[in-house]
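Okay, so here's the structure we're looking at.
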Amino acid sequence: MSVTDTIADMLTRIRNGCKARKRSVDIPSSKLKIELGRILLEERYIKDMVEIPDTKQGILRVFLRYNHDDYPVISGIQRISRPGLRRYVKAGEVLRKGRYGMGLTIVSTSSGVMTNIDAYRKGVGGELLCRVW
């Protein structure tokens with residue numbers, strides 16, 4: 001099966017895993033997905049992330065986080081920029097355009113993948129990848 005948008009596939013697997021109350025989800029690995037997982041781990045949206053090597057590209061096992069009532073910490077995760085319509089922001093607009101209320105926005109910049117708050121502090125713009133709340 002060929003997947004056009006691998007980031008949207010990753011976000012959908014996480015979203016479906018949270019709805020099904022799974023403890024972990026397996027995602028085909030890539031450098032960008034590892035960086036997205038690292039940010040979700042730093043911001044405490046997921047519990048842990050392990051890269052499992054295999055003969056192809058590797059598997060990224062993401063352990064989902066739940067609160068004390070067994071309710072998922074990630075209540076929503078949404079792709080912003082997509083292959084058919086890329087969304088970019090300038091350095092001064094990254095905080096204003098990347099803010100959708102609660103949660104965070106993940107931005108791909110020339111300095112790497114980071115949250116919109118970190119991008120604003122560094123003074124860089126980039127592509128709005130997704131938002132998590």
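Values quoted throughout were computed directly from the atomic coordinates according to the rules given, and no laboratory measurement underlies them. None of these values were measured; they are calculated from a predicted model. Cβ atoms come from the backbone with ideal geometry, glycine included; neighbour counts cover every protein chain shown.
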Condition check for residue 27: without any contact (Cβ under 8 Å) to a residue 40 or more places away in the chain, hydrophobic (A, V, I, L, M, F, W, C) and either touching a Phe, Trp or Tyr at 6+ places or on another chain (Cβ under 6 Å) or over 21 Å from residue 104 (Cα atoms) (or both): yes
Here is a check on your reading of the model: is residue 62 of a type in the set (A, V, I, L, M) and either touching a helix residue (DSSP H, G or I) at 6+ places or on another chain (Cβ under 9 Å) or at positive phi (or both)? yes
Among the residues of segment 26-38 satisfying the criterion of being of a type in the set (A, V, I, L, M, F, W, C) and surrounded by fewer than 20 Cβ atoms within 10 Å (Cβ to Cβ), which is nearest to residue 72 (Cα to Cα)? 34
Just the residues that are under 14 Å from the mean Cα position of the chain (by Cα) and among the hydroxyl-bearing types (Ser, Thr, Tyr), please, taken from segment 65-104. 75, 81
For the structure I just gave you, tell me whether residue 47 is of a type in the set (Lys, Arg), surrounded by fewer than 18 Cβ atoms within 10 Å (Cβ to Cβ), touching a Leu at 6+ places or on another chain (Cβ under 8 Å) and over 18 Å from residue 133 (Cα atoms). no
